[in-house]
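Encoded as structure tokens, the structure appears first; notes follow it.
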Amino acid sequence: MSNEGKYVSGKIVLPGEKLCVVEEFTPGEGTYENNGEVFSKIAGRVLYDFVAKRVVVIPLKKTRQPPKPNTVVYAVVTSVKEDTAFLKIFADDKRRLYTGPFTGVLHVSQVSTNFVKTISDAVKIGDVVKAKVLTNNSPFQLTTKGARLGVIYAQCSRCGAILIKKNTKLICTKCGNVEQRKVSIEYMFK
């Protein structure tokens, strides 16, 4: 069977999204390999080269405009304090990359409509989060209240493997560790 139907170039991918296995395509620019699988390193358009057997991710168009209130953004959690998480905002909901290093702040009160005791019950360092911007100025206040908002990609705190969503929990495919997050219904791995 030809891989050409399975792998379609031009599709928009996000950081951490699985693209293929190394037996099918070798990792190129904008990608990385982990345990024989190739993942996107950046937000961009995937390009499968069937002749050279190589996969690359071409960055999306960048925008110089800072995030505006009510914009949905993608961000990576960079640090977690008692009741606050700090995030690096990298793209908007139209998947345009931001050129500037924009910082987002997620307070525990803005995580969910349900009670959340500590911010570490909702997000951890390295998580990719889909959030809504609440303010005009940096650091931008963010919220993950809403079914489509929250963690869309997470790795195991014990072994670093990708967590798979099963019902409301995230389970490690490698070590079986079960973790809790404020998970979006758009979580990437189910």
Taking region 148-176 and keeping residues touching a Ser or Thr at 6+ places or on another chain (Cβ under 7 Å) and either open to solvent by 10 Å² or more (accessible area, probe 1.4 Å) or more than 17 Å from Lys130 (Cα to Cα) (or both) leaves Arg148, Leu149, Ala161, Ile162, Ile164
Flagged in region 60-75 as open to solvent by 90 Å² or more (accessible area, probe 1.4 Å) and either of a type in the set (Ser, Thr, Tyr) or touching a residue at least 40 places away in the same chain (Cβ under 8 Å) (or both), in numbering order, are Lys68, Asn70
Taking the criterion of being in a strand (DSSP E or B) and of a type in the set (Lys, Arg), would at least one residue in region 169-185 satisfy it?
yes
Check: Would a scan of region 110-133 turn up a residue that is open to solvent by 60 Å² or more (accessible area, probe 1.4 Å), assigned to a loop (DSSP other than H, G, I, E, B) and in contact (Cβ under 8 Å) with a residue 60 or more places away in the chain?
Finding: no
For Leu106, state whether it is out of contact with any helix residue (DSSP H, G or I) (no Cβ under 9 Å at 6 or more places or on another chain), aliphatic (A, V, I, L, M) and either surrounded by 12 or more Cβ atoms within 10 Å (Cβ to Cβ) or farther than 14 Å from Ala131 by Cβ (or both).
no
Residue pairs within 6 Å by beta carbon, gap of at least six or interchain, first lying in region 41-59 and open to solvent by 60 Å² or more (accessible area, probe 1.4 Å), second outside any strand (DSSP E or B) and of a type outside the set (Ser, Thr, Tyr), listed first then second, are Lys41/Gly30; Arg45/Gly10; Lys53/Phe25; Arg54/Phe25; Arg54/Gly28; Pro59/Ile42
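The values are calculated or read from the model by the stated rules, or taken from the named source; none is laboratory data. Quick caveat, the model's predicted, so the values are computed rather than measured. Don't worry about glycine lacking a Cβ; one is built from the backbone with ideal geometry, like all the others, and counts go over all protein chains shown. Note: accessible area is taken over every heavy atom of the protein model, side chains too, but ligands, DNA and RNA are not part of it. Shrake-Rupley method; radii C 1.70, N 1.55, O 1.52, S 1.80 Å.
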